[in-house]
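Only the coordinates and a few stated rules stand behind these numbers; no lab work does. Here the structure is a predicted model, which means the values were calculated and not measured. Heads up, the Cβs are rebuilt from the backbone with ideal geometry, glycines too, and the neighbour counts pull from every protein chain shown.
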Amino acid sequence: MPASTSRNPSANLRVGNNAVGSKATPTLKQELPSTIAELRAEVRNIAQHVSQIEEKITIDMLNDIRGDLQQRVFNIKAALGEPLLTSVNGNDMGGQNSNVKKVKQPQKTLTMTNKTPFWNETTQVYQLDFGGRVTQESAKNFQIEYNSEQVMQFGRIENGSYTLDFKSPFSCIQAFSIALASITQRLK
């Protein structure tokens, strides 16, 4: 008996006799070919979906690998106020594709300046007023202003020790990064 008849013979097979009735021949019912066709169609449909998912995963993985650098370039260009190159479908192309258009995006660029030191006649040096927070003069001391308001100050308090004060729009990490960059620049 075929393997398909071992599960439920009455559901899958019909037994037909020859004219004499001496020989029984199992034959498939009429519904089974349509069921097989439906199963094959379903298998084809599933295979097509799997293929589409595999393609999407491959594309997403490639975009993630390239996207990290592209996203950094995008963020840097946005921070610098440069026009962004965007493909027709909206993905940042970084100027690598001939089918790109320039898109001018609204920029929210903050302009900050170093506070200008004043000349002290008695000591004959330029100074900044740190409000008593900085106790030693140093080329590493600085203050940053935004909209004529002091938003960050960094200065030396003793050998190898510094103080850092900041407020919005700086985050702690941003202020620390600027201070660290200032120290390393001046140590060179």
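Key figures for this structure:
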| read-out | value |
| --- | --- |
| Distribution of pairwise C-alpha distances over the stretch 112-187, 10 Å bins, in % | 18, 53, 26, 3 |
| Kirkwood hydrodynamic radius over Cα pairs of the stretch 146-188, then Stokes diffusion coefficient at 10 °C and 1.306 mPa s, in µm²/s | 142 |
| Calculated from backbone phi, Karplus (6.51, -1.76, 1.60) coupling profile of the stretch 110-117 in Hz, x at Gly/Pro | 8, 9, 10, 9, 6, 5, 6, x |
| Mean Cβ neighbour count within 10 Å, used as a protection proxy, ranking 127-139, 39-51 highest first | 127-139, 39-51 |
| Ranked 154, 118, criterion: other C-beta atoms within 10 Å, fewest first | 118, 154 |
